[in-house]
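For reference, the structure is listed below as structure tokens.
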Amino acid sequence: MIPSQQYEIYGHENILSELINLYDNNKLPNKILLSGKKRIGKSTLAFHFINYIFSQNEEYKYDVSNYTIDPNNKSNILVNNYTHPSLFRIFLKNDKKSIEISDIRNLISYTNLSNLTNQKKIILIDDVEYLNVNAVNALLKIIEEPNDNTIFILINNIEKKIKDTLRSRCIEFKLSINISAKKKILNNLYPDVYYDEISNDFIDYSHSLTNLINFINICKNESLDFKNISVENYLKYIFENNLYKKKDYKNIDFKTFIEIYFRKKMNNFHSETIYNLYSYFNRKHEKCKKFNLDMESFFLEFNSKLLNE
């Protein structure tokens with residue numbers, strides 16, 4: 001699901017509560033770094049905090065007691081339409097390998113604009129690990145200038161390094177989800193699904209709660225056995241039925257399931273061939289993203305080379 005449209009939050013309530021408390025007491029640092037593994041809810045947390053700030057004096061404001069965004073809230077609608085005047089977003093675009101200095105120049109132009117409201121401006125930079133050297137240097141100059149009316153929220157996949165000079169300028173909040181929290185979240189979402197009953201392939205080799213949620217949703221929609229299905233048979237079903245083309249699944253990154261496949265293979269077979277294949281498909285996926293190519297060829301080749309070998 002798109003992070004800005006995830007109206008409930010699970011597993012990060014304590015950090016969100018801390019951020020809200022700091023904001024309410026005028027102690028919030030204006031440069032925040034949210035770090036953690038990929039797809040554990042960093043962006044979702046950011047959008048919940050942003051909605052809390054923006055919706056203070058609006059109808060359907062943020063529900064602090066239940067940590068939920070009201071979809072009817074005006075600021076929520078503007079954020080999802082990319083039209084909120086007090087929010088500027090930077091993220092890695094699908095056709096790019098890095099976030100470039102041109103993005104930071106656009107940010108500079110935005111910060112120089114007069115604010116017609118009394119709201120704080122929020123700069124949200126996702127995928128901060130993809131800032132190229134020039135972009136980092138330009139960003140450092142901006143965030144070093146004191147500005148009490150602007151909040152910078154940077155999001156970092158902790159498995160990829162960012163410049164120490166950038167990290168040191170921010171107050172870092174480290175996000176993680178342990179097994180106990182995963183069990184609680186899945187139980188809230190799916191009362192009929194028990195964590196310990198989920199297929200071992202997805203429990204053992206999925207590093208992301210989002211992957212587990214997407215896996216269960218597809219199993220339920222397609223009447224698949226989420227308890228016993230292997231990652232190989234799961235992928236075969238996806239490709240044979242062209243699920244990656246269906247509108248219902250347009251927000252799912254199916255490549256993450258291929259990563260589970262390779263983790264399993266590399267755990268069971270420490271061979272150079274497996275590592276080479278993993279590297280090959282990673283390069284091919286990056287090429288498809290860079291040149292905006294049809295992903296179908298990527299999936300078909302994976303299916304023919306590995307699943308039907």
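Structure values in brief
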read-out: Residue check, PHE269 modelled with pLDDT under 85 and either crowded, with 17+ Cβ neighbours inside 10 Å or more than 26 Å from the chain's Cα centre (by Cα) (or both); value: yes
read-out: Which listed residue, of TYR10, TYR60, is under 28 Å from ILE216 (Cα atoms) and assigned to a loop (DSSP other than H, G, I, E, B); value: TYR10
read-out: Unique match (being in a helix (DSSP H, G or I), free of Cβ contacts under 8 Å to residues at least 40 places away in the same chain and polar (S, T, N, Q)) among ASN233, ASN188, ASN211; value: ASN233
read-out: Residue under evaluation TYR205, criteria (1) free of Cβ contacts under 8 Å to residues at least 40 places away in the same chain; (2) out of contact with any Leu (no Cβ under 9 Å at 6 or more places or on another chain), criterion not met; value: (1)
read-out: When residues of segment 272-299 are limited to those that are exposed (fewer than 12 other Cβ atoms within 10 Å of the Cβ) and under 26 Å from the mean Cα position of the chain (by Cα), the one farthest from TYR234 (Cα to Cα); value: PHE291
read-out: Residue in segment 16-28 that is surrounded by 18 or more Cβ atoms within 10 Å (Cβ to Cβ) and part of a strand (DSSP E or B) present; value: no
read-out: Residue match in segment 218-226 (condition: more than 27 Å from LYS37 (Cβ to Cβ) and either basic (Lys, Arg) or loosely packed, with under 11 Cβ neighbours inside 10 Å (or both)); value: yes
read-out: Conditions (1) under 30 Å from TYR67 (Cα atoms); (2) modelled with pLDDT under 90; (3) among the aromatic types (Phe, Trp, Tyr): number failed by PHE215; value: (2)
read-out: Segment 138-172 - residue that is assigned to a helix (DSSP H, G or I) and free of Cβ contacts under 8 Å to residues at least 12 places away in the same chain and, of those, surrounded by the most Cβ atoms within 10 Å (Cβ to Cβ); value: LYS141
read-out: Inter-residue pairs, beta-carbon under 9 Å, first charged (D, E, K, R) and in segment 54-70, second modelled with pLDDT under 95 and crowded, with 18+ Cβ neighbours inside 10 Å, 6+ apart; value: ASP70/TYR7
read-out: LEU224, sole failed condition from (1) in a helix (DSSP H, G or I); (2) at pLDDT 85 or above; (3) of a type outside the set (Val, Ile, Thr); value: (1)
read-out: Residue match in segment 183-206 (condition: closer than 21 Å to GLU8 by Cα and surrounded by 19 or more Cβ atoms within 10 Å (Cβ to Cβ)); value: yes
read-out: Scope segment 51-69; condition closer than 30 Å to PHE254 by Cα and in contact with a helix residue (DSSP H, G or I) (Cβ under 7 Å, 6 or more places away or on another chain); matching residues; value: ASN51, TYR67, ILE69
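Residue by residue, here is whether (1) in contact with a strand residue (DSSP E or B) (Cβ under 7 Å, 6 or more places away or on another chain); (2) assigned by TED's automatic domain parsing to the domain that holds LEU209; (3) of a type in the set (Val, Ile, Thr) holds:
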position	(1), (2), (3)
LYS38	yes, no, no
ALA46	yes, no, no
GLN56	no, no, no
ASN72	no, no, no
TYR82	no, no, no
ILE99	yes, no, yes
SER102	no, no, no
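The values are calculated or read from the model by the stated rules, or taken from the named source; none is laboratory data. Since we're looking at a predicted model, the values are computed, not measured. Quick reminder, even Gly has a Cβ in these numbers, built from the backbone with ideal geometry, and neighbours come from all protein chains shown.
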